[in-house]
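**Student:** Attaching a single structure in structure tokens format; questions to follow.
The values are calculated or read from the model by the stated rules, or taken from the named source; none is laboratory data. The structure presented is a predicted model; accordingly, all values stated were derived computationally and were not measured. Reconstructed Cβ throughout: ideal geometry from the backbone, glycine too, with neighbour counts over all protein chains shown. In case anyone asks, the SASA skips ligands and DNA or RNA and just uses the protein heavy atoms, side chains included. Shrake-Rupley method; radii C 1.70, N 1.55, O 1.52, S 1.80 Å.
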Amino acid sequence: MTRATRAAAATCAAAVLLSACAAVGPDYAAPQVDAPAQWSETAIAVAQPVALERWWSSFGDAQLDALVERGLTASPQLELALARVDEARAALGASRADLLPQVDGSASFERFRRSTLNQGGAPFFGRRDISSWSVGFDARWELDLFGGLRRGVEAAFADAQSLEEARRAAAVSLVAEIARNYVELRVLQQRLATARQRIEVQDETAQIVVLRADAGVASELDSTRARAQVAAARADAPALEAQVAARLHRLGVLVGVAPSALKVELGEAGAIPLARLALAVAQPVEVLAQRPDVRQAERACAAASARLGVAVAQRYPRVSLGAGFGWLANETDDLFDAAALRGSILPSLSLPIFDAGLRAAQVEAATAREEQALAQYRVVVLGALEEVENSLAALGAASARRAALRESLTEQRQAASYARELYVGGVADFLTVLDAERERFALEDRYLESEGELALQFVALAKALGGGWSDERPSAVAAR
């Protein structure tokens, strides 16, 4: 073994040992979660809960199930989130590549003519036309003595994980948005059907009043009031039709098709979906652990901590190794001769001495960004806890409101029927009929809204609990 070979081997061994040094900067520890032991709002006891990963199946609505599956497959929102994950994974690969030596190959040819007038006063000898052939390899490797590159890999890995959680959060939001718009569509369709029924009933009542007025049994005022009530009922329908169209258009966009593509499929009025199975509400700490947005915020903290280590490492010396070998000859026949072999070793050291406070300012900025990430994490955690608490309270209130309105509506339907019979029998005046029917149809509308509100609060609770994705499902990146 030659002296140069022994020196190169010793240098490589030292480089490996040095690269194993501990990385500077803080070692990341996940922030502590300050969560209550249990929810302040009472959760419903569930014997056989629906799986949170497919909570929408508790509605037992085949059309809703199909819409959700189409959305998870073809939504442009998820395509965008997936592309961002792909970009982050590629950036992670680039960061890992910085840890390893880089080798480039090169080949060149040069032909030049020497000047006879620039010989420094010496007589000219030899050929004027010279060819130069060169083939070789150049290697370079930055030794990660203080862990700056390793911290960069940590940051890139945390970024990739954060964007994967963002993709999951997008899936949770997409499913909830599809379910919410579907429920609102069915509520509006039922309200529109009720409005049309109201027009028919009140038109029938108006015809009776007109006949009675023509016979002199009723007044012209009653006839005018009856016709006015029919006109008012007809005025409500166009606004409901426009809202139905808007929900259809929104659902089309959410599942990745043209806005009007679902008009035929969902245009017919359907029943308002009500959950047949309840949700099992886990304890606060467990809910936070399964919510993708909380996990995304925690990964952002890890990335910020690693980037602080990158900034700290910039204040330390940087050592790089360079090496090259190849062949250099004037003739192609001599190019790969042993005598044409050339080689070089070029270690380098970069030592920061004076930068006018640049690196110190970069460390301060990275520290501030880490503090921002931690504060944002606390904001997300508190927001998640608030969302679940609000959903639990709203779901209970919506259930109680629906029950009360159902009882009231049953009584009011009977009252409206009695008022109409009394009017036809000449016992009650038409104003009594107007009031009874107006109250009846107002309660019909409120009851439909309460059913929709109950379903919407179920959707909100499922979203607050982080439902809509599962670790058992393959990664979006792997699926692609």
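**Student:** Would a scan of region 436-444 turn up a residue that is under 30 Å from residue 87 (Cβ atoms), open to solvent by 40 Å² or more (accessible area, probe 1.4 Å), at pLDDT below 90 and not basic (Lys, Arg)? Break it down into steps so the answer makes sense when it comes.
**Tutor:** In the first step, residues of region 436-444 are kept if they are under 30 Å from residue 87 (Cβ atoms); the result is none.
Checking region 436-444: not a single residue is under 30 Å from residue 87 (Cβ atoms), open to solvent by 40 Å² or more (accessible area, probe 1.4 Å), at pLDDT below 90 and not basic (Lys, Arg).
**Student:** So, one more: Where residues in region 135-189 are part of a strand (DSSP E or B) and among the charged types (D, E, K, R), which of them is farthest from residue 109 (Cα to Cα)? Working first, answer last.
**Tutor:** Of region 135-189, the ones part of a strand (DSSP E or B) are 135-143.
Now restrict to residues that are among the charged types (D, E, K, R): 138, 140, 142.
Numbers: 138: 17, 140: 23, 142: 30 Å.
The selected residue is 142.
**Student:** Within region 374-395, restricting attention to residues that are closer than 17 Å to residue 280 by Cα and of a type in the set (S, T, N, Q), which residue is least open to solvent (accessible area, probe 1.4 Å)?
**Tutor:** 391
**Student:** Could you list, in sequence order, all residues of region 66-85 that are under 14 Å from the mean Cα position of the chain (by Cα) and part of a helix (DSSP H, G or I)? Show your work before the answer.
**Tutor:** So in region 66-85, the residues under 14 Å from the mean Cα position of the chain (by Cα) come out as 71-72, 75-85.
71, 72, 76, 77, 78, 79, 80, 81, 82, 83, 84, 85 - these are the residues of region 66-85 that are under 14 Å from the mean Cα position of the chain (by Cα) and part of a helix (DSSP H, G or I).
Results for (1) of a type in the set (Gly, Ala, Ser); (2) out of contact with any Gly (no Cβ under 9 Å at 6 or more places or on another chain); (3) modelled with pLDDT under 80; (4) open to solvent by 30 Å² or more (accessible area, probe 1.4 Å), shown as yes or no for each residue.
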{"residue": "422", "(1), (2), (3), (4)": "no, yes, no, yes"}
{"residue": "456", "(1), (2), (3), (4)": "no, yes, no, yes"}
{"residue": "463", "(1), (2), (3), (4)": "no, yes, no, yes"}
{"residue": "468", "(1), (2), (3), (4)": "yes, yes, yes, no"}
{"residue": "477", "(1), (2), (3), (4)": "no, yes, yes, yes"}
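**Student:** Before we move on, is residue 401 open to solvent by 70 Å² or more (accessible area, probe 1.4 Å) and under 30 Å from residue 281 (Cα atoms)?
**Tutor:** Yes, satisfied.
**Student:** In this structure, is residue 387 among the acidic types (Asp, Glu), modelled with pLDDT of 90 or more, touching a Lys or Arg at 6+ places or on another chain (Cβ under 9 Å) and within 23 Å of residue 297 (Cβ to Cβ)?
**Tutor:** Values: among the acidic types (Asp, Glu): yes; modelled with pLDDT of 90 or more: yes; touching a Lys or Arg at 6+ places or on another chain (Cβ under 9 Å): yes; within 23 Å of residue 297 (Cβ to Cβ): yes.
Taking the combined requirement at face value, the residue satisfies it.
**Student:** Can you name the number of the only condition in (1) under 30 Å from residue 31 (Cβ atoms); (2) open to solvent by 60 Å² or more (accessible area, probe 1.4 Å); (3) touching a helix residue (DSSP H, G or I) at 6+ places or on another chain (Cβ under 6 Å) that residue 364 fails?
**Tutor:** (3)
**Student:** For region 53-68, enumerate the residues that are within 20 Å of residue 464 (Cα to Cα), open to solvent by 30 Å² or more (accessible area, probe 1.4 Å) and of a type outside the set (Lys, Arg).
**Tutor:** Going through region 53-68, the residues within 20 Å of residue 464 (Cα to Cα) turn out to be 53-59, 64-65, 68.
Still in the running and open to solvent by 30 Å² or more (accessible area, probe 1.4 Å): 53-54, 57, 65.
Scanning region 53-68 gives 53, 57, 65.
**Student:** Can you confirm whether residue 56 is farther than 30 Å from residue 306 by Cβ, assigned to a helix (DSSP H, G or I) and either hydrophobic (A, V, I, L, M, F, W, C) or at pLDDT 90 or above (or both)?
**Tutor:** Numbers: farther than 30 Å from residue 306 by Cβ: yes; assigned to a helix (DSSP H, G or I): yes; either hydrophobic (A, V, I, L, M, F, W, C) or at pLDDT 90 or above (or both): yes.
Considered against the rule, which asks whether it is farther than 30 Å from residue 306 by Cβ, assigned to a helix (DSSP H, G or I) and either hydrophobic (A, V, I, L, M, F, W, C) or at pLDDT 90 or above (or both), residue 56 comes out as yes.
**Student:** Separate question: Might you check whether a residue that is farther than 25 Å from residue 34 by Cα, in contact (Cβ under 8 Å) with a residue 24 or more places away in the chain and buried (at least 23 other Cβ atoms within 10 Å of the Cβ) occurs anywhere in region 280-294? Spell out the reasoning first.
**Tutor:** So in region 280-294, the residues farther than 25 Å from residue 34 by Cα come out as none.
Checked against the condition, which is being farther than 25 Å from residue 34 by Cα, in contact (Cβ under 8 Å) with a residue 24 or more places away in the chain and buried (at least 23 other Cβ atoms within 10 Å of the Cβ), region 280-294 yields no hits at all.
**Student:** Continuing with the same structure: With respect to residue 401, determine if the residue is of a type in the set (D, E, K, R), within 30 Å of residue 305 (Cβ to Cβ) and either more than 27 Å from the chain's Cα centre (by Cα) or modelled with pLDDT of 95 or more (or both).
**Tutor:** Details: of a type in the set (D, E, K, R): yes; within 30 Å of residue 305 (Cβ to Cβ): no; either more than 27 Å from the chain's Cα centre (by Cα) or modelled with pLDDT of 95 or more (or both): yes.
It is false that residue 401 is of a type in the set (D, E, K, R), within 30 Å of residue 305 (Cβ to Cβ) and either more than 27 Å from the chain's Cα centre (by Cα) or modelled with pLDDT of 95 or more (or both).
**Student:** Another question, if that's okay. Which count do you get for residues in region 334-349 that are over 55 Å from the mean Cα position of the chain (by Cα) and open to solvent by 70 Å² or more (accessible area, probe 1.4 Å)?
**Tutor:** The number of residues fulfilling the criteria is 7.
**Student:** Let me ask you something else. Mind listing whichever residues of region 303-333 are farther than 26 Å from residue 351 by Cβ, in contact (Cβ under 8 Å) with a residue 40 or more places away in the chain and open to solvent by 20 Å² or more (accessible area, probe 1.4 Å)?
**Tutor:** 325, 327, 328, 330, 331, 332
**Student:** While we're here: Just to check your reading of the model, which residue among 242, 246, 275, 258 is within 23 Å of residue 55 (Cα to Cα) and either assigned to a loop (DSSP other than H, G, I, E, B) or open to solvent by 40 Å² or more (accessible area, probe 1.4 Å) (or both)? Quick ask: steps written out before the conclusion?
**Tutor:** Working: 242 fails: within 23 Å of residue 55 (Cα to Cα); 246 fails: within 23 Å of residue 55 (Cα to Cα); 258 fails: within 23 Å of residue 55 (Cα to Cα).
Result: 275 is the single residue among 242, 246, 275, 258 that is within 23 Å of residue 55 (Cα to Cα) and either assigned to a loop (DSSP other than H, G, I, E, B) or open to solvent by 40 Å² or more (accessible area, probe 1.4 Å) (or both).
**Student:** While we're on this one: Looking at (1) touching a Phe, Trp or Tyr at 6+ places or on another chain (Cβ under 9 Å); (2) buried (at least 17 other Cβ atoms within 10 Å of the Cβ), find the lone condition where residue 370 falls short.
**Tutor:** In the conditions (1) touching a Phe, Trp or Tyr at 6+ places or on another chain (Cβ under 9 Å); (2) buried (at least 17 other Cβ atoms within 10 Å of the Cβ), residue 370 misses (1) alone.
**Student:** How many residues does region 424-435 hold that are surrounded by 16 or more Cβ atoms within 10 Å (Cβ to Cβ) and assigned to a helix (DSSP H, G or I)?
**Tutor:** 4
**Student:** Here is a follow-up. Kindly list, by first and then second residue, each pair from a residue in region 405-433 that is over 17 Å from residue 198 (Cα atoms) and without any contact (Cβ under 8 Å) to a residue 12 or more places away in the chain to a residue that is surrounded by fewer than 14 Cβ atoms within 10 Å (Cβ to Cβ) and small (Gly, Ala, Ser), limited to pairs with Cβ atoms under 7 Å and residues at least 6 apart or on different chains.
**Tutor:** The qualifying pairs do not exist here.
**Student:** Conditions: (1) touching a helix residue (DSSP H, G or I) at 6+ places or on another chain (Cβ under 8 Å); (2) open to solvent by 40 Å² or more (accessible area, probe 1.4 Å); (3) not β-branched (Val, Ile, Thr). Residue 358 meets all but one. Number of the miss?
**Tutor:** Among (1) touching a helix residue (DSSP H, G or I) at 6+ places or on another chain (Cβ under 8 Å); (2) open to solvent by 40 Å² or more (accessible area, probe 1.4 Å); (3) not β-branched (Val, Ile, Thr), the lone unmet condition for residue 358 is (1).
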